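The values are calculated or read from the model by the stated rules, or taken from the named source; none is laboratory data. Computed from a prediction, not measured in an experiment: that's the story for all the values here. In this analysis, Cβ positions are derived from the backbone assuming ideal geometry, glycine residues included, and neighbour counts consider all displayed protein chains. Quick note on the areas: whole protein, heavy atoms, side chains included, nothing else; ligands and nucleic acids left out. Shrake-Rupley method; radii C 1.70, N 1.55, O 1.52, S 1.80 Å.
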Amino acid sequence: MRYRVLGKTGIEVSTHCLGTMMFGAVGNPDHEDGARIIHAALDAGINFVDTADMYSAGECEEIVGKALKGRRDDVVLATKVHFPLGEGRNRSGNSRRWILNAVEDSLRRLDTDWIDLYQVHRPDHTTDIEETLSVLTDLVRAGKIRTFGCSTFPAEDLVEADHVAERRGLMRMRTEQPPYSLLARGIERAVLPTAQRLGMGVLTWSPLASGFLSGAYRAGRPVDLTTGRARLTPHRFDPDAPGNPAKFAAVEQLVALAEEMGRTLPELAVAFPLVHPAVTSVIIGPRTMDQLTSLLEGADLLLDDAVLDRIDEIVAPGTDLYKADGVWQPPSLTESALRRRPAGERAAAD
């Protein structure tokens, strides 16, 4: 396993990061099996583990905490805050009030005294970014976290956060965690170049495009829309849905490319994000030991320029054929009132 420095933090992390979203009720509910998978990843040289407070409503953090007993000092542990936990107001978002509560709950569930990388899981435009940076800076100074970053922030929010930190004398966001895959290359346009310019470490998620690049979804074959990811978001996997034929066609070409190389499609998919010079580590999220083993078998795959040129022909750089689940959309797109002047002011003349 190779290691890279995470942005400008000085922290060395493995180029594969173990994502744990599939541990707990939403995936693999067996705590002991989850611990075995984590131990196998660590034994293979992975020293970077990523989780979040909202994964299985905190159960995932508990599994990770138990698994890291006796090995905590050797692991770079990352978790996240933002999404709702429980009912009631002020139990989500990026406010000082919620972050101070959430970090204590994460520390308790993880059974640790500190978190190496604390990430803001999504933007929150109801909270001033200065408020968020301020509390995160305080948590570093208190020793509860070592550094902090964000996940799925657009490029403009990365720039704003960096500008506010410099102007207010606060600590900077040191990392960004965006979705990136053979089918979702949109971040190559602005997010990755911006992260590079700001000296941020990048850990990418969903290299298998929520399973679309697992090899299980092929053109001309029936798709069971009642199980797995397809059950949760059938519109993404339905071969007849608008836009999906292009995804299935791309997958067939990528499968053929992988086979020419004597590799599997998942191996090709996981190797791809690490090629970009802005990417520090790619998150792999196995649910079973077999899945971990198969992904690790492809860790030595080196993509040469000829292969990358073929990939560019199949899915053009900066192109999104697949939108990852849960990707944040700015209010400027989701709230029509922000895109429409009052009815009486829309015409060019009275």
Filtering region 237-264 for residues that are modelled with pLDDT under 95, under 22 Å from PRO317 (Cβ atoms) and either of a type in the set (D, E, K, R) or part of a loop (DSSP other than H, G, I, E, B) (or both) leaves a count of 2
Those residues that are under 30 Å from THR280 (Cβ atoms), of a type in the set (A, V, I, L, M) and touching a Phe, Trp or Tyr at 6+ places or on another chain (Cβ under 7 Å), I need them from region 199-250; list them, please.
ALA209
For region 50-89, how many residues are of a type in the set (A, V, I, L, M), open to solvent by less than 50 Å² (accessible area, probe 1.4 Å) and either over 13 Å from HIS121 (Cβ atoms) or part of a helix (DSSP H, G or I) (or both)?
7
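Can you tell me how many residues in region 199-228 are assigned to a helix (DSSP H, G or I) and either crowded, with 19+ Cβ neighbours inside 10 Å or of a type in the set (Asp, Glu) (or both)?
2
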The condition from (1) buried (at least 19 other Cβ atoms within 10 Å of the Cβ); (2) within 18 Å of the chain's Cα centre (by Cα); (3) more than 23 Å from THR51 (Cβ to Cβ) that ARG189 misses is numbered (1)
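If I ask for residues that are closer than 23 Å to ASP105 by Cβ and open to solvent by 30 Å² or more (accessible area, probe 1.4 Å), which ones from region 6-29 would you list?
Within region 6-29, MET21, MET22, ALA25, VAL26, PRO29 meet the criteria.
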Restricting to region 46-66, count the residues that are out of contact with any helix residue (DSSP H, G or I) (no Cβ under 9 Å at 6 or more places or on another chain) and free of Cβ contacts under 8 Å to residues at least 60 places away in the same chain.
1
Mind checking which pairs have a first residue in region 304-330 that is open to solvent by 40 Å² or more (accessible area, probe 1.4 Å) and a second that is β-branched (Val, Ile, Thr), Cβ under 7 Å, 6 or more apart or different chains?
LEU321/VAL315; VAL327/THR152; TRP328/THR152
State the number of residues belonging to region 96-133 that are open to solvent by 10 Å² or more (accessible area, probe 1.4 Å), part of a loop (DSSP other than H, G, I, E, B) and more than 19 Å from GLY58 (Cβ to Cβ).
5
Return the residues of region 154-184 that are open to solvent by less than 10 Å² (accessible area, probe 1.4 Å), touching a residue at least 40 places away in the same chain (Cβ under 8 Å) and assigned to a loop (DSSP other than H, G, I, E, B); say none if nothing qualifies.
TYR180, SER181, LEU182, LEU183
Residues in region 164-175: is at least one more than 17 Å from the chain's Cα centre (by Cα), over 21 Å from LEU295 (Cβ atoms) and of a type in the set (Asp, Glu)?
yes
Would you pick out the residues in region 334-347 that are surrounded by 10 or more Cβ atoms within 10 Å (Cβ to Cβ) and either within 25 Å of the chain's Cα centre (by Cα) or among the charged types (D, E, K, R) (or both)?
THR334, GLU335, ARG339, ARG340
